[in-house]
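The values are calculated or read from the model by the stated rules, or taken from the named source; none is laboratory data. Keep in mind it's a predicted model, so treat the numbers as computed, not measured. Every residue, glycine as well, gets a Cβ built from its backbone with ideal geometry; the counts of neighbours run over all protein chains shown. Note: accessible area is taken over every heavy atom of the protein model, side chains too, but ligands, DNA and RNA are not part of it. Shrake-Rupley method; radii C 1.70, N 1.55, O 1.52, S 1.80 Å.
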Amino acid sequence: MKIIITGGAGFIGTHVVKLFVKKYPNYSIYNLDALTYAGNLENLKDIETYPNYHFIKADITDEQHINSLFQEIQPNAVIHLAAESHVDRSIMNPNQFVITNVLGTIHLLNASRKLNDFQVFYHISTDEVYGSLGETGYFTEKTPYDPRSPYSASKASSDHFVRSYYHTYHLPIKISNCSNNYGPYQFPEKLIPLCINNILNEKPLPIYGKGENVRDWLFVEDHSRAIDLIFHKGKIGETYNIGGNSEKKNIEVVQTLCKIMNKKMNKPEGYYEKLITFVKDRAGHDLRYAIDFTKLKTELNWTPSVSFEEGIEKTIDWYLNNSDWLKSVTSGNYQKYYEEQYIKR
Ligand code: NAD
Ligand code: DAU
């Protein structure tokens, strides 16, 4: 089995690539990534010498390059994670989200269609495609799409294209829509790593609006386990929701981080809470996401294995033990790693 994993140098991709490379020595794993600001090969140092791991620097928006790579490798499967993933960046620059998330996905679909022994195109998507909930209710796989940010609109569009290739061309596809991930290697622009980094530097912790928006948090290793399961056991043509059963208001998340960090850094109670700063709300800020993952639970027997309380401790410990990683990504130094390790070799 030859599998192309796109976006394998990003946050979730790092965990998925490591899991597949270590767990399936008989598979050849091709990590295809453009190494944008969000891609960091240092994350994958511990597996880069494994014989079943290959890295290819490639941009999914480059149709010709993608076609020739697919012809050369002849993959049997694609797990597609590469994307522009940050909502605030999509508000600043929507075009890049259309180019990467929509056009890039179509290039991969077209290249996959031309292959002979092709078994599955597994598209990794988000719960944000379903829009925003009020105080009650859950997103199921049947909830109509209602994306409200340029990011979620681009992901919704890519989901539609993936499904359309199943119906129109019989391309074997699977899709999963997951809630908010957190854990090691997340770029410090997203709420949790941003706040951990700011706490360490005693900088303000920006809370959009009143901090009452709710997200359903899932530890990234549980997402990777779900991806492994759906990849191997999910049905072709189906969609699976993945969630953490862990709804929290943003203000609760940040207060929890402060409380744990006060203890770990030997500060008095309430010390880091003083950094909490309410700032202007995100434009079109979705109020609440909550996932019903009954289908994944009943059909494939998946549930999250890590509670938010355990996951957040593990995450904070990882950032504390990897302050060099945090310094490297905040300084931009990490982008030299590819040149040093791959070009000069
Ligand atoms: P990320 O931003 O951390 O990583 C994205 C990766 O894609 C990076 O390695 C980047 O270099 C690569 N990439 C970007 N543009 C590319 C291009 N044109 N060609 C090739 N590679 C490119 O993202 P993430 O948080 O790991 O998310 C991965 C996927 O999971 C995305 O599709 C995202 O929509 C989806 N998702 C994320 C979450 C979450 O909470 N982070 C939740 C649900 C779904
Ligand atoms: O739901 C899945 C999605 O989760 C993924 O598809 C996205 O790729 C991922 O980025 C994430 O989107 P969010 O917008 O929910 O994540 P973010 O970490 O940016 O924000 C989480 C919440 O915290 C959100 O309500 C906005 C708020 N926030 C965020 C930042 C960065 C703040 O209050 N202050 C901040 O500085």
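Go through the residues of region 295-308 one by one and say whether even a single one is open to solvent by less than 30 Å² (accessible area, probe 1.4 Å), under 27 Å from A34 (Cβ atoms) and assigned to a helix (DSSP H, G or I). Among the residues of region 295-308, not one is open to solvent by less than 30 Å² (accessible area, probe 1.4 Å), under 27 Å from A34 (Cβ atoms) and assigned to a helix (DSSP H, G or I), which makes the answer no. Taken over region 158-171, the criterion of being touching a Ser or Thr at 6+ places or on another chain (Cβ under 9 Å) and away from ligand 2 (no atom under 14 Å from the Cβ) is satisfied by F161, V162, R163, Y165, L171. Residues considered: G104, G137. Of these, the only one that is within 16 Å of ligand 2 (Cβ to nearest atom), surrounded by fewer than 19 Cβ atoms within 10 Å (Cβ to Cβ) and among the small types (G, A, S) is G137.
Quick one: in region 162-193, of everything that is open to solvent by 10 Å² or more (accessible area, probe 1.4 Å) and in a helix (DSSP H, G or I), which residue is nearest to ligand 1 (Cβ to nearest atom)? Taking the candidates together, the pick is L191.
Filtering region 198-208 to residues that are open to solvent by less than 40 Å² (accessible area, probe 1.4 Å) and away from ligand 2 (no atom under 11 Å from the Cβ) leaves only I199. Please verify whether region 228-242 includes one or more residues that are acidic (D, E), more than 15 Å from ligand 1 (Cβ to nearest atom) and in contact (Cβ under 8 Å) with a residue 60 or more places away in the chain. Among the residues of region 228-242, at least one is acidic (D, E), more than 15 Å from ligand 1 (Cβ to nearest atom) and in contact (Cβ under 8 Å) with a residue 60 or more places away in the chain, which makes the answer yes. Entry remark, region 195-226: residues being in contact with a strand residue (DSSP E or B) (Cβ under 7 Å, 6 or more places away or on another chain), closer than 28 Å to V78 by Cα and of a type outside the set (D, E) number 6 in total. Under the condition of being assigned to a strand (DSSP E or B), more than 9 Å from ligand 1 (Cβ to nearest atom) and open to solvent by 10 Å² or more (accessible area, probe 1.4 Å), the residues counted in region 10-49 number 2.
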